[in-house]
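Working notes, beginning with the structure itself.
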Amino acid sequence: MAIFSKIKLPPVPSTRRPSDLAYAAIEQPPGIALIGLALQHAATALALIAYVLATAKISGLSGDATRSMVTATIMGMALATFLQSWGGRLGSGTLLVHIPDPLLVVLSGMVAAQYGIGGLVAVGLVNGIMALGASYLFPRLRSILPPTVAGVVICVAGLSLIAPAVTHTTGLSPSGILNPNDALIGITTLLVIMALSIWGSKRVKLFALLAGLTTGVILAATLGQLHGLDALTTTPVFGLPRVPTPVFSVDPGMLLAIGILAVMTQLDTFGSVVLMQKMDDSDWRRPNMQMVGGGIRANALANLLASWLGAYPNATSSANIALCHISRSTSRYIGLASAALLMAFAFLPQVSLALTLIPTPVIGAVEVYAAAYLVVSGIELIASRAMDSRGIFMVGLSFVAGIGIMFLPGIAQMAPVSVQFLAKNGIIVAGLTAIALNLIFRLGTSQRATLALDFGVGSVPLTQQIIDFVESKGAGWSARRDAVRRAAQAALEAAEAIQSAGSDRQIFEVRGSFDEFNLDFELLHQGAPLVLDAARAATPANLLDVDDEAFGAALEQALSGVSHTLLKRLADRLSSGTRDGHSYLRLHFDH
């Protein structure tokens, strides 16, 4: 579209584009593809306006007040989606679409029931202010928010979707009876989405979700399962939100609970930004915390501004992240187009209401895909880091805590009444458990370590001692698994290079250090420093030309050169020298 081609978005950190992406973050899709993808994202987000309708039902709002709240909420979703895609200091610079926050249905309903729609102004302001504070706090918490914590949050979020997704897809009743029509609609929708996203051409994959939704709606209409169309006749074509009279005298306990939930919701925002970063970068290593802060800030600012219109607070949508995976498109221009569509639909109540009438089994099919994607993505993030027993317990116990709340909700009743609203949410429980255990297990774990090699009779071979040291410390520091593997191979090669370089050289100590960006190991040895010169390796022709007496020395020189070449391929940087009367060989790995 011509209008988007003239837009120059703020820059984002450079990445290596995954080969399977149709449109990466900085790429603009052609007009038809852009409109189609934006429609899918907008439709998916608007289908979840059901959370707002549930709040209105709890609070007993009138039809006019409900429509006003829906309009204001969609405007807030559009603003947040725009800021996320725009990036810079006010957004993450990723394709993150926002939906009504599912965690606040009950609390917002209680506030609106007691104070009217004006009470939602206070809800939105508290939510936005707390999230804004979190946007400046989270980027400073890199050490307690490693990829493993993000992986736990994302994976448990996927697991928490399983029960509602399966229930919605199959029409499962509380007594355990399946609704055959709902099951047929939901499973057919899921199969169409899966088939087109796996076996479809590049262009077909872009519209896999739209094709699935259309198939599901047509099948539902054929089976007589499309309900609520009569409501469209009583809904105006055009509408504006009514600016409510703010009510600030909301119960402080309710506002405190909303504020705490707002901060906890940002764990989900953190995981969403990380997922989008990972999807858009083949060389992804760690979260870009500035982008995480921008993502949280976009959510906060949208809620702050939309609150004055009586909007329901919004949050990032995992279903729309799954749509990015289905279509293999993460373009920020899609986010801008989605925001424009959402803003247009906000003033067209009939259109937004029609999208909320998409049959529940169809939405359930999308939720099933989203659950599967989140679970696998979370596992990938967890597995990207080497782990020792501390890491295993951190991840395992966090899963037990989060999933335990889901399986045994009665456990939450044992918590103090003031925090039961937190204890009932498995995602929050798992995330807080992971953060707490990560902090506890970091105690007593130095980011530097030294190994004095044992040369006694019956001791473990020297090279094995070095490899064990590198692998154990890398796991203890939760370094990237591939970096630890390379470090172990390089340390082994370095040890052999030092030992073969002369009888006067003997390794006696290994030192290691780590921060989130650097992994270093030093091999201290006696004798002269190793000369790092791969160019001195002799070619086969050189070896054939030397006489018999010099052949042994030439061969040793050639093998030494090969060893140096291997070291330079394994390590990102090599250095050698003398310090405190001893020689060293340092292996550096970018992390």
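Observations
- Ranking LEU83, ALA25, VAL376 by how far each Cα lies toward the positive end of the dipole of the chain (charges on Cβ) leaves LEU83 at the top.
- Extending 7 Å from the Cα toward the beta-carbon at both SER62 and LEU232 defines two label points whose distance is 2.7 nm.
- Segment ALA54-VAL417, extension gain: residue separation times 0.36 nm, minus the distance between their alpha carbons: 128.3 nm
- Across LYS8/LYS568; LYS8/LYS202; LYS57/LYS424; LYS57/LYS202; LYS202/LYS278, pairs whose alpha-carbon gap is larger than 32 Å: LYS8/LYS568; LYS57/LYS202
- With neighbours defined as other Cβ atoms within 10 Å of a residue's Cβ, the residues TRP477, TRP284 order from fewest to most as TRP284, TRP477.
- Extension gain, ALA113 to VAL166: 0.36 nm times the residue separation minus the Cα-Cα distance gives 16.0 nm.
- Percentage relative contact order, the chain, counting C-alpha pairs under 8 Å, at least six apart: 21 percent
- Given 14 as the ceiling on other Cβ atoms within 10 Å, longest exposed-site-free region of the chain for trypsin sites (Lys or Arg not before Pro) in DSSP loops: 17-591
- Correct option for percent of Cα pairs over 49 Å apart [calculated from the coordinates] among (i) 28; (ii) 23; (iii) 32: (ii)
- Cβ-defined net charge surrounding PRO164, 15 Å radius [Lys, Arg +1; Asp, Glu -1]: -1
- Remark: the chain carries a charge dipole of roughly 1680 debye about the Cα centre, counting +1 on each Lys and Arg Cβ and -1 on each Asp and Glu Cβ.
- Förster-model FRET efficiency, 56 Å R0, VAL243 and THR578, C-beta, rounded to 0.05: 0.15
- Over all projection directions, the Cα-based convex hull of the stretch 386-445 averages an area of 4.5 nm².
- The THR222 and ILE144 beta-carbon pair, evaluated with R₀ = 56 Å, returns a calculated FRET efficiency of approximately 0.60.
- With 0.36 nm allotted per residue and the present C-alpha distance subtracted, the VAL106-ALA383 stretch has 96.1 nm of extension available.
- Modelled label positions at ILE392 and ILE7, each set 7 Å beyond Cα in the direction of Cβ, lie 4.9 nm from each other.
None of the figures in this text is laboratory data; all of them are computed from the coordinates on show. It should be emphasised that the depicted structure is a prediction, and the values quoted were computed from it without experimental measurement. Cβ atoms come from the backbone with ideal geometry, glycine included; neighbour counts cover every protein chain shown.
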